Amino acid sequence: MKENFLLPLLALAGIVSLLAGCSPKPESTPSASDVTTVYRCEDSPTGYYATFCFPDANYAKVTIQGEWVFSDCADASVKTSSNAGPLQWKNGYVQWNTTAQPHYDMKLCGGVWKITLPLPCGTYKYKFFADGKEYWDSANPPRNRGLDAPDLGNEDRYSTVYVPYDSVRQSRSEDRSIEAPTAKHKGTYSFVEIPSSASGEPLRFGIYLPYGFEANRKEPYPVLVLYHGGGGTEASWINNGLADIVDNLNEQGLSAEPTVILTPNGSPFFRGRREELDKAVLGDILPYAVEHYNVSTDPSKRAFAGLSMGGATTMFTLLNHPGEFQYYFAMSAPVTTDIDLGLFANEALRSKDICLAVGMYDFVKVEALLNPDSHQARSGERSFYAYEFAMFANGVPFKTMPEYANGHDWVLWRRHIAEYLKNYLWR
């Protein structure tokens, strides 16, 4: 058994500071700081600039890639957008499907590669490419098992930065301050590795403990099992702002009650091996959490959720192990071939708290229908709405979130998890 405890979480990036004063415009010399910095500036169309820094001058070319793709809603659909970058952003634009992220050339300034971009409110993933090789921000690394880990997922290779909200310049755009790393009372996060009782293989998962966690509290804590999507790891949620969102909700009194959150690594098992995932959660991970983190054994105080392939796993667990959890939340979930929609006829599902969420520009809604040559269609996936049709047909009650104007990406899922913890879970 191996545990790697982290200190209470600071900002999404402890080195990403909010400075007073202005920096020259993006086409001029960027901020004087040599680390990635977000700062207030009256010259910025959003009210803020972010200067990104790569400190090694020993490369011929350095570019940056990030989640800054924007669109006017009038131009946006699952397949189309204004395709605007930060310099084309306008008040009221949304972050469109950011799976196709643009690259921007950086400039060498005093031995440091830099670029300055105006960005609206939100959390942004980014990484550098130096002479074609990818790097995260060395002064702002993601939280994972380390750069040398042999099985880092693609999502583990990004750094993350938060940009604040300006109520005037961003008046028609979304205020995502719930993602800000500003809570005074922060929970803790650790990564744990234990052997599987079924196979002996290591099981890795993350554990978020709310601020003020009491190991010997008389009443055990409610627990949420929260899965990443395909290509992610146990670190994906924490690298994408989960702890800051939960800390803010808890501090502002917006969540129903403090909750322990478990984030298992499901990548090797998502397609066709979901029963193994459930055995790992039910037979190993939850018992470990009961013993070490005082979580409840009562199904009414247990929830299961996930995004994309983790969302499909949520629905698989609902259909095959409905008695283990009371709350089920599937985000952007495809309907894969190992999910038997006929199981919705089980009357036990009618007493469960089921919530579904998908983005307005999310491909899982229609990709398999619109494009018969797509990976989704070829692998037998069906539209997200097949879940809704099956539940309607079988009298299974469920709730749906509004279809936010985002695509199949972390921009959407940060909004989903904040909304779920605020208005749905334990209510």
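What residue, among those in region 381-427 that are at pLDDT below 95 and touching a Phe, Trp or Tyr at 6+ places or on another chain (Cβ under 6 Å), is farthest from residue 347 (Cα to Cα)? Among those residues, the one meeting the criterion is 407.
Listed here are the residues, each with its yes/no results for (1) at pLDDT below 80; (2) aromatic (Phe, Trp, Tyr); (3) within 15 Å of residue 161 (Cβ to Cβ); (4) open to solvent by less than 80 Å² (accessible area, probe 1.4 Å).
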site: 48; (1), (2), (3), (4): no, yes, yes, yes
site: 58; (1), (2), (3), (4): no, no, no, no
site: 64; (1), (2), (3), (4): no, no, yes, yes
site: 69; (1), (2), (3), (4): no, no, no, yes
site: 79; (1), (2), (3), (4): no, no, no, no
site: 94; (1), (2), (3), (4): no, no, no, yes
site: 102; (1), (2), (3), (4): no, no, no, yes
site: 111; (1), (2), (3), (4): no, no, no, yes
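Cβ-Cβ contacts under 7 Å between residues 6 or more apart (or on different chains), taken from a first residue in region 78-105 that is free of Cβ contacts under 8 Å to residues at least 40 places away in the same chain to a second residue that is open to solvent by 30 Å² or more (accessible area, probe 1.4 Å), are listed as 82/72; 82/75; 84/93; 85/102.
Summed over region 86-135, the residues that are in a strand (DSSP E or B) and hydroxyl-bearing (Ser, Thr, Tyr) give a count of 6.
Looking only at residues in region 257-277 that are part of a loop (DSSP other than H, G, I, E, B) and modelled with pLDDT of 95 or more, which one is least open to solvent (accessible area, probe 1.4 Å)? Of everything passing the filter in region 257-277, 259 is least open to solvent (accessible area, probe 1.4 Å). Scanning region 281-311 for residues that are part of a helix (DSSP H, G or I) and either open to solvent by 30 Å² or more (accessible area, probe 1.4 Å) or modelled with pLDDT under 95 (or both) turns up 282, 283, 287, 290, 291, 292, 299, 300, 301, 309. Tell me whether region 387-398 contains one or more residues that are open to solvent by 10 Å² or more (accessible area, probe 1.4 Å) and among the hydroxyl-bearing types (Ser, Thr, Tyr). No, region 387-398 has no match at all. Could you tell me whether any residue of region 320-327 is buried (at least 19 other Cβ atoms within 10 Å of the Cβ), closer than 21 Å to residue 190 by Cα and within 23 Å of the chain's Cα centre (by Cα)? Looking for residues that are buried (at least 19 other Cβ atoms within 10 Å of the Cβ), closer than 21 Å to residue 190 by Cα and within 23 Å of the chain's Cα centre (by Cα), one finds none in region 320-327, hence no.
At least 3 residues being closer than 30 Å to residue 49 by Cβ and modelled with pLDDT of 95 or more is the threshold, and among the strands (runs of 3 or more DSSP E) wholly inside region 137-252 those reaching it are 159-163.
Residues in region 66-85 that are out of contact with any Ser or Thr (no Cβ under 8 Å at 6 or more places or on another chain) and outside any loop (DSSP other than H, G, I, E, B): 66, 73, 74. Contact map, region 175-203: residues that are within 18 Å of residue 264 (Cα to Cα) paired with residues that are of a type in the set (Gly, Ala, Ser) and in a loop (DSSP other than H, G, I, E, B), Cβ distance under 6 Å, separation 6+ or inter-chain. Pairs shown: 203/196.
The values are calculated or read from the model by the stated rules, or taken from the named source; none is laboratory data. Keep in mind it's a predicted model, so treat the numbers as computed, not measured. Glycine also receives a Cβ, built like all others from the backbone with ideal geometry; neighbour counts cover every protein chain displayed. Accessible surface is based on the protein model in full, side chains and every heavy atom, while ligands, DNA and RNA are left aside. Shrake-Rupley method; radii C 1.70, N 1.55, O 1.52, S 1.80 Å.
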